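The values are calculated or read from the model by the stated rules, or taken from the named source; none is laboratory data. Only a predicted model underlies this, so the values are computations on that prediction, with no experimental measurement involved. Don't worry about glycine lacking a Cβ; one is built from the backbone with ideal geometry, like all the others, and counts go over all protein chains shown.
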Amino acid sequence: METELTLNHFLFVSGLLFAIGLAGVLLRRNLIVIFMCLELMLSAANLSLVAFSRFNTTDGVPNYDGQVLLFFIITVAAAEVAVGLAIIVALFRSRETTDVSDVTSMKG
Amino acid sequence: MPVYYLEIIVVVLGLVMLMADAFVKLEDKRNIAWFAVLVLSVVFLLLFKVSWPESTEGSPFWKFYDAEKGSRGFSLFFKGIAVLTTIIVLIMSAEFRGVLLKYTAKPEDGAHPQSGLSEFFTLPVFACAGLMWMASANNLASIFVSLEAVTITFYILVAYMRRNVGSLEAGVKYLILGALSTGFLVYGFTWLFGVTGTMDLAGIKEQLALDSVNVTAALFAFALIIVALGFKVGAAPFQNWIPDVYQGAPTPITAFLSVASKAAGFIVLLRISGCFFGSGDLSEKVGAVFVVLAILTLLFGNLAALPQTNFKRLLAYSSIAHAGFLLMALASPITLVADGKEPPLLDTSIGVIAFYLGAYLLMTLLAFLVMTAVRNQQEDDSLEGYAGLAKRSPFLAFSLLVSMASLAGVPLTAGFFGKFFVFKLAIQNGACGWLIAAGVIGAAAGFYYYFKVIASMFWNAPAEGNDGPIPVSMPAKVVMVLLIIAIFAVGIVPNLILGLIK
Amino acid sequence: MHDVNTLAWIILLLPLLVAASILFGLKKMPGLSALLSTGSVLITLVCSILLFSATGKAVPVTWISIFEFKVNIGLLVGGDKDPLAKGMMFIVTFIGTLVHIFSLGYMKDDDGKARYFAGLSIFMFSMTGIVLADNLVMMFIFWELVGVSSYILIGHWYNKDSAADAAKKAFLTNRIGDFGFMIGILLVWVLTKQIEFAKFTPEIVANAAKSPLFDIAIIAIFCGAIGKSAQVPLHVWLPDAMEGPTPVSALIHAATMVAAGVFMLARVSALIGASELAATVILWTGAITALVAALMALQQNDIKRILAYSTLSQLGYMVMAQGIAGQGADAGMFHLYTHAFFKALLFLGAGAIIFGCHHEQNIWKMGGLRKKMPFTFWTFAIGTAALIAVPGTSGFFSKEGILHAAHAAGHDFPWVIGLIVAFLTPFYMTRLFIVTFLGKSRTENADHAKEVPQIMFVPLVILAVLALFSAYKPIAKFLQAKGYAHAPEIDPTFGWSLFGLIAGVGLAIWIYKGREKERINIPLFANKFYIDEIYNGLIAIFQDAIAGLLDFIDRFVIDPVVARFPAMTAFTAGSFFRLFQVGNLQGYTFLFGAGVVALIWFLLF
């Protein structure tokens, strides 16, 4: 049985990805994994952007504005990862841990 | 000169600074900072000289860069805040170099004794360019890119002292929470694009005002965006990162975060929420959200500041508290005058917020300048370290006195009129009683914890070991004197700042 | 340059500029500071003379505008119909100039010379502000600034306990009056919705006067004048203020600042006219002050204190005149002008005497100064003649004006009091004159007295000329004063006051001629009706009672209910909030997520 893919299908998958990413950030303790989950959230946004762009047509032409933002997001995410990993590495060098529950010296 | 040249100049300045570090032999790397201060001062003056295009039709560039007549003054004002803050932060950084070098590198044989310093001067310049762009961003894409340009630069700067436990921890916390908020921001943008089919803020406003708009989806998008922007400005319940990150970051960067980053966050918040205030259904809910956020932020920032014992952390909570007052202004939405005329500046949220931020810049940077000078002499930023400051350095004690009095809102200082205009706006627009009550409680608590600092400076004896005099370098001294004069000048003639906006 | 706006702003801001530059830069160069300060006041004098013929209007600057409450920094110079500010401005800058010049000699070797001249400049700035203010709020601000500068100047020799105490007393006493003034301004604003003098039109005032609060408002405003112009019962600070340097006494405590109260009453005369009760209160306060102060002056031995009490008494006249309103108010302002000249002359003369006698102030330790200081003698004589209202001198015309107005308005009793004072004044001034200048030198200091340096002559001569002739047409017209000299009417007022003059002078000559020490002793007058002692006693009693009451309230009401409980609540709440800052990243992300959920729930459901 074949059903046509609608906007809602894409949004559902994107929402699922976002939720998985968020759950990972909330529940995992390893900084690297948390960071990966954050990237997953950005990918969820990318997916829905493409979907919105594809289904939002004028005269049969998709609205490419959304896809412009998508490329910016990919680029920015790359920059974020570069900086983020460097910081995590620096943390690992000085503390020999990447567990979030070990970085709690400031509170209150 | 076209207005966007300013951002270009600042970016080129950053590149030149990097090149200079690599290719020019410098005895003292502070010269790079002085050079940047000089160029940025010129940029600041150029702000008064820029021109705008006659017509923006047809040019794709202006889809990303705001040129609306009504908001030009504000764009330039916020650009001015960014440039001014960067200048003062650079001067502060030069003052802070001793502490910084101690925690960055162990110089190897043959390496420059100040290696690693020039990047610390260069990154704020890049952040400045991002902040300036943010002040003019009027498209979801340009908002996102400029916001991230600033945020990623701050990740590096916060974690810059990589041999210092606090700085690194602050960096990690800022990184994870910042990236989380970015995730919400783009997801919100996505939905906003999905609801309205456009990236343009003007187009979004038009679409949202239509009856056919999907209100639920629009509110969902708004919620996600508010989460991210609330994070940037430090609104409760998304303020968690502020105390830890402020405490751990190098002091000049804390100052930068608390002034420029907050100002930029507020202008984006104003622009995006402005789209939602256009339509009846939405604006009611959106206004209610700001009221709740403002109440929470006011109470959290001010009350949690009461038991603090670390001065830097105290200022972090104070920064949350001031975000509360700014949100209070935002929560009292614009009442349009009946005959369609432009309302007076101080009857609009944006006018009051601009004034408040201008005043906040003066007093906060003054406090951080004092903190930088004191930090050079002792290891931590605890409040005990400030006991008896009046005996150790009367000048610093007086500066901090002025700054604290202004932050608390004592009449005849700039801070008084900031708070005053916020309350006036709230009362005028019939804001809800709980909001005003929270504001009053916050202001009262503020008096307590700011005066705690003053009392300790003037009435307590210096702590054992921390009782030597404190030297202040000439540039820092000059800046402090200018800031003190500005605080009083604005406190007596508030029109000074309002005049700049026009 | 002939533009009111430019001139007025120059007059206002120049002294401020000078004071700031002395305080922030020139402290170490007293000579230059003194010259700068004197130069600036000279320029303001020229400006205020030009002001008489200037045209145009001063442009107000909006300072603050909240709801309907709008305050300008406005300068009210007024046209031909309202010459109040122009005349007063001339008096202030003119006396100011002379006092500056006199001070160049008097304070030559003082350690705090730069500080002294900075203080004078701040005073000139504040006083100018009062004169030019176009609304009550601006006037109040400068009113307070005048209080501050007078505090600084009275306490110039702050190492002397008596000077520091006098400064404090002046400040606190004025504060009581100023509190009333502030309440009065608020009430007037509430009743009329106006604070600008020009806006107190007859309709608005008549409308406001319907309210029973109106009388209270005007009396409260009058409290400000009671404090600043040292009327009974707040007069106690002025005699003590003589601890300051003598030129300061001449400028502030004789000619200008104390006259500010009278000036303010003239400014709001439109309001006073609408409140009969307030006018009566003002009338009687003035009359009583004139009498009481003259009685106290009879038995004083300190030359400056005698002059201080005579100032009080003359201020009483002026205030009384403001209470008469109409013609009386004009006469009061006129007396203010003439009094400024001759009282400044007398004070500077007293300064010269004190300077010449090596800082001796007791008149019984002087004597025989006529030959030693002939120049001072003659100028002082002219000043005295004007003060005791010898016919033909300026003081005569202005005082007659007030007494005439009182008589004409049917205020018989105050009129009688005025005549009694017109007898007492010649008596105590003749006493002062005889004891100081005539007879033999009674102490070494007086024996070795020398004439003062020549720079101090200049002001004395100029003032002496004005003390004699300022009531005559050309000068009075130049000042745009409304009540200048007229041929004396032969009526009861003239007759009685002439009789009082002759009787007073004659009696004093009979009693004091050739005497070595005081012949009559009236402890009640010598001790100033024991008012200071009564106040001290009252303060002590009230302090104890109030302290006890406050202690009770503090301990059993305020502390637990008002202070402890909210403070505890706030601290507890704060500590509770701090618990959210767990320091653990995962805790933060969790709270962040909870916030997101709450926000979405709030928005969508």
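Taking the criterion of being among the small types (Gly, Ala, Ser) and over 24 Å from B:THR151 (Cα atoms), the residues of the stretch A:49-93 that qualify are A:ALA51, A:SER53, A:GLY60. Among residues of the stretch C:170-196 being surrounded by fewer than 22 Cβ atoms within 10 Å (Cβ to Cβ) and aromatic (Phe, Trp, Tyr), the one that is nearest to the chain's Cα centre (by Cα) is C:PHE171. A search for C-beta distances below 9 Å between a residue of the stretch B:239-256 that is under 15 Å from B:THR153 (Cα atoms) and within 12 Å of chain C (Cβ to nearest Cβ) and any residue that is crowded, with 24+ Cβ neighbours inside 10 Å and polar (S, T, N, Q), counting only pairs 6+ apart in sequence or on different chains, returns B:VAL245/B:THR254. Taking the conditions (1) in a helix (DSSP H, G or I); (2) surrounded by fewer than 23 Cβ atoms within 10 Å (Cβ to Cβ) in turn, C:LEU432 satisfies each one other than (2).
Exactly one residue out of B:PHE189, B:PHE184, B:PHE144 is over 22 Å from the mean Cα position of the chain (by Cα) and either buried (at least 24 other Cβ atoms within 10 Å of the Cβ) or facing chain A (nearest Cβ under 10 Å) (or both): that is B:PHE189. B:ALA218 meets the stated requirement of being within 14 Å of chain C (Cβ to nearest Cβ) and either outside any helix (DSSP H, G or I) or of a type in the set (A, V, I, L, M) (or both). Candidates C:LEU579, C:LEU604: the one that is free of Cβ contacts under 8 Å to residues at least 60 places away in the same chain and either closer than 14 Å to B:PRO237 by Cα or more than 7 Å from every other protein chain (Cβ to nearest Cβ) (or both) is C:LEU579. Kindly establish whether B:TRP52 is touching a Ser or Thr at 6+ places or on another chain (Cβ under 7 Å), within 17 Å of B:ALA135 (Cα to Cα) and not charged (D, E, K, R). Criteria not met by B:TRP52.
Can you confirm whether the stretch B:460-479 contains a residue that is of a type outside the set (D, E, K, R), within 29 Å of B:ARG30 (Cβ to Cβ), without any contact (Cβ under 8 Å) to a residue 60 or more places away in the chain and within 14 Å of chain C (Cβ to nearest Cβ)? No; the residues of the stretch B:460-479 include none that is of a type outside the set (D, E, K, R), within 29 Å of B:ARG30 (Cβ to Cβ), without any contact (Cβ under 8 Å) to a residue 60 or more places away in the chain and within 14 Å of chain C (Cβ to nearest Cβ). Total residues in the stretch C:365-399 satisfying the condition of being under 23 Å from the mean Cα position of the chain (by Cα) and not hydrophobic (A, V, I, L, M, F, W, C): the figure is 6. Within the stretch A:46-55, the set of residues being surrounded by 21 or more Cβ atoms within 10 Å (Cβ to Cβ) and either in contact with a strand residue (DSSP E or B) (Cβ under 6 Å, 6 or more places away or on another chain) or more than 9 Å from every other protein chain (Cβ to nearest Cβ) (or both) comprises A:SER53 only. Applying the criterion of being assigned to a helix (DSSP H, G or I) and in contact with a Leu (Cβ under 7 Å, 6 or more places away or on another chain) to the residues of the stretch B:193-215, the residue that is nearest to B:ALA263 (Cα to Cα) is B:ILE204. Just checking, how many residues over the stretch C:15-30 are free of Cβ contacts under 8 Å to residues at least 40 places away in the same chain and either on the phi > 0 side of the Ramachandran plot or in contact with a helix residue (DSSP H, G or I) (Cβ under 9 Å, 6 or more places away or on another chain) (or both)? So the count comes out to 3.
Residues in the stretch B:444-453 that are more than 14 Å from chain C (Cβ to nearest Cβ) and either farther than 17 Å from B:ALA373 by Cβ or surrounded by fewer than 16 Cβ atoms within 10 Å (Cβ to Cβ) (or both): B:TYR450 only. Of C:LEU265, C:LEU346, C:LEU271, C:LEU295, all but one fail to be outside any loop (DSSP other than H, G, I, E, B) and surrounded by fewer than 23 Cβ atoms within 10 Å (Cβ to Cβ); the exception is C:LEU295.
Quick check: is even one residue across the stretch B:163-179 free of Cβ contacts under 8 Å to residues at least 12 places away in the same chain, at the interface with chain A (Cβ under 10 Å from one of its Cβ atoms), in a helix (DSSP H, G or I) and under 20 Å from the mean Cα position of the chain (by Cα)? Within the stretch B:163-179, one or more residues are free of Cβ contacts under 8 Å to residues at least 12 places away in the same chain, at the interface with chain A (Cβ under 10 Å from one of its Cβ atoms), in a helix (DSSP H, G or I) and under 20 Å from the mean Cα position of the chain (by Cα). For the structure I just gave you, tell me whether C:MET257 is outside any helix (DSSP H, G or I) and either buried (at least 22 other Cβ atoms within 10 Å of the Cβ) or modelled with pLDDT of 90 or more (or both). For C:MET257, the condition - outside any helix (DSSP H, G or I) and either buried (at least 22 other Cβ atoms within 10 Å of the Cβ) or modelled with pLDDT of 90 or more (or both) - is met.
Screening C:ALA217, C:ALA206 for residues that are outside any loop (DSSP other than H, G, I, E, B), among the hydrophobic types (A, V, I, L, M, F, W, C) and at pLDDT below 85 leaves exactly one candidate, C:ALA206. Among (1) crowded, with 20+ Cβ neighbours inside 10 Å; (2) at pLDDT below 85; (3) among the hydrophobic types (A, V, I, L, M, F, W, C), where does B:PHE421 come up short? Result: B:PHE421 fails condition (2) only. Residue count for the stretch A:56-108 satisfying the condition of being crowded, with 16+ Cβ neighbours inside 10 Å, away from chain C (no Cβ under 13 Å), over 26 Å from B:ASN139 (Cα atoms) and not hydrophobic (A, V, I, L, M, F, W, C): 1.
If only residues of the stretch B:291-336 that are away from chain C (no Cβ under 13 Å) and not in a helix (DSSP H, G or I) are counted, the one that is surrounded by the most Cβ atoms within 10 Å (Cβ to Cβ) is B:SER332.
Taking residues in the stretch C:399-414 that are touching a residue at least 40 places away in the same chain (Cβ under 8 Å), and partners anywhere that are buried (at least 17 other Cβ atoms within 10 Å of the Cβ) and part of a loop (DSSP other than H, G, I, E, B), the pairs with Cβ atoms closer than 6 Å and at least 6 places apart or on different chains are C:LYS399/C:ALA389; C:GLY401/C:GLY483.
Of all residues in the stretch B:480-502 being in contact with a Gly (Cβ under 9 Å, 6 or more places away or on another chain) and away from every other protein chain (no Cβ under 14 Å), which is surrounded by the most Cβ atoms within 10 Å (Cβ to Cβ)? Restricting to residues being in contact with a Gly (Cβ under 9 Å, 6 or more places away or on another chain) and away from every other protein chain (no Cβ under 14 Å), the top hit is B:ILE487. One residue stands out in the stretch B:192-215 among those that are at the interface with another protein chain (Cβ under 9 Å from one of its Cβ atoms) and in contact (Cβ under 8 Å) with a residue 40 or more places away in the chain: the one that is surrounded by the fewest Cβ atoms within 10 Å (Cβ to Cβ), namely B:ASP200.
Among the residues of the stretch A:23-45, those that are outside any loop (DSSP other than H, G, I, E, B) and either more than 8 Å from chain B (Cβ to nearest Cβ) or among the acidic types (Asp, Glu) (or both) comprise A:ALA23, A:GLY24, A:LEU26, A:LEU27, A:ASN30, A:ILE32, A:VAL33, A:MET36, A:CYS37, A:GLU39, A:LEU40, A:SER43. Would you confirm, using the coordinates I've provided, whether B:ALA288 is part of a helix (DSSP H, G or I), within 11 Å of chain C (Cβ to nearest Cβ) and either under 16 Å from the mean Cα position of the chain (by Cα) or without any contact (Cβ under 8 Å) to a residue 40 or more places away in the chain (or both)? Against the criterion (part of a helix (DSSP H, G or I), within 11 Å of chain C (Cβ to nearest Cβ) and either under 16 Å from the mean Cα position of the chain (by Cα) or without any contact (Cβ under 8 Å) to a residue 40 or more places away in the chain (or both)), B:ALA288 qualifies.
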